1. For segment 202-283, what is Rg from Cα atoms divided by 2.2 N^0.38 Å, rounded to two decimals?
2. Taking every eigenvalue of the Cα gyration tensor of segment 63-133, multiplying by 5 and rooting it, what semi-axes result, largest first, whole Å?
3. Which FRET efficiency value, to the nearest 0.05, do you get for L265 and V144 by plugging their Cβ-Cβ distance into 1/(1 + (r/R0)^6) with R0 = 25 Å?
4. Would you calculate a helix-derived [θ] at 222 nm for the chain, using -39,500 (n - 2.57) for each DSSP H run of n ≥ 4 and dividing by the full residue count, to the nearest 500?
5. Sort 104-116, 176-188 by the packing proxy (mean of other Cβ within 10 Å over each peptide's residues), most packed first.
6. In the chain, what percent of the accessible surface is made up of carbon and sulfur (1.4 Å probe, ligands and nucleic acids excluded)?
7. Sorted by mean Cβ packing within 10 Å, highest first, what order do the peptides 1-8, 87-94, 202-209, 129-136 take?
8. Quick one: 3J(HN,Hα) in Hz for segment 31-44, Karplus 6.51/-1.76/1.60 with θ = phi - 60°, rounded, Gly and Pro as x.
Amino acid sequence: MENIRGAALMTLSMLAFAIEDVLIKTLGAHIPAGEIISCIAAGGIVAFGLWFVVRGQPMFVPAHLDRGVWLRGFFEVSGTILFISALMRLDVTMLSAIIQATPLVVALGGVLFLGQTVGWQRWAAICVGFIGVLIIIRPGVEGVSGAILLGVGGMLGLAGRDLSTRALKVEISGPHLTFHAFLLLFPAGFILNMVNGQPLVVPTGGEAVTLVLCIAVVLLAYLAIVAATRKGDAAFISMFRYTRMVFALILGMIFLGERPDGLTLVGVAIVVGAGVFTLLREARARATSKSAPDPL
């Protein structure tokens, strides 16, 4: 029952993230990416701040000063900035397809940086998954476009966030980690605006409503994903992260008129298949290893 509940919450979270992508893409036609990031971060700061007050919890905890938490925050900020910048230039479907490689990069990073062991089957799955990524981005004679490089950079940043979360040595709650990330993203958005030489834009009434809706959807996505990972089989629940691709495909076609070609869909199928296999192998490895610590 816990697995079903966790899978449903994870699917809800992925739907919310896909809706967020479409809303940000729509806002990006008039509002700079940095301003959107800062507005969403401000909404997150207020919402989580009120949540801590209502629950009688401190907004800031000693763990916020930990180097590992700051490293996670760095990856969160860099990954978000690159992801949103790519979203302004790429189809939602294409960018979501690139993001599907995140679990594969996390598995590879676990070997390189966390001392985890990987058997030949998982190595094969990782290699096959990266072949799927190459099919999606299709680097030709002229190389890869800057927009796709931004998307790949965003994917690497988000993978770095997940790896640094696994490596944390201090106890800190998910809401406190998210609150810390929003605090860092708020000024980072304005810095991005200055770097791009883009002035702040006063949203229209409709855009202001869309921004508020975007903030609400982001908060729903974060709360759902935190609730999804609290109980149940983590590997089984994590597989439902890939539903984000399905939602992005449907929403992109309906609201943005996107039409991904056949090769892109083939690449997505390969990446998703490799990712699911990797998650299942990791779960089996954890189940047979009594000394392995539980992931954060």
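1. Relative to the 2.2 N^0.38 Å estimate, segment 202-283 comes out at 1.42.
2. In descending order the semi-axes read 24, 23, 6 Å.
3. In this case the efficiency is close to 0.80.
4. So the calculated ellipticity at 222 nm is -25500 deg cm²/dmol.
5. By packing density, highest mean first, the sequence is 176-188, 104-116.
6. C and S atoms contribute 70 percent here.
7. The packing order, highest mean first, is 87-94, 129-136, 1-8, 202-209.
8. 9, x, 4, x, 5, 4, 4, 5, 5, 5, 4, 4, x, x
The values are calculated or read from the model by the stated rules, or taken from the named source; none is laboratory data. These numbers come from a predicted model, not from an experiment. Ideal geometry is used to build each Cβ from the backbone, glycine not excepted, and the neighbour counts take in all protein chains shown. The area values use the complete protein model at the heavy-atom level, side chains included, leaving out ligands, DNA and RNA. Shrake-Rupley method; radii C 1.70, N 1.55, O 1.52, S 1.80 Å.
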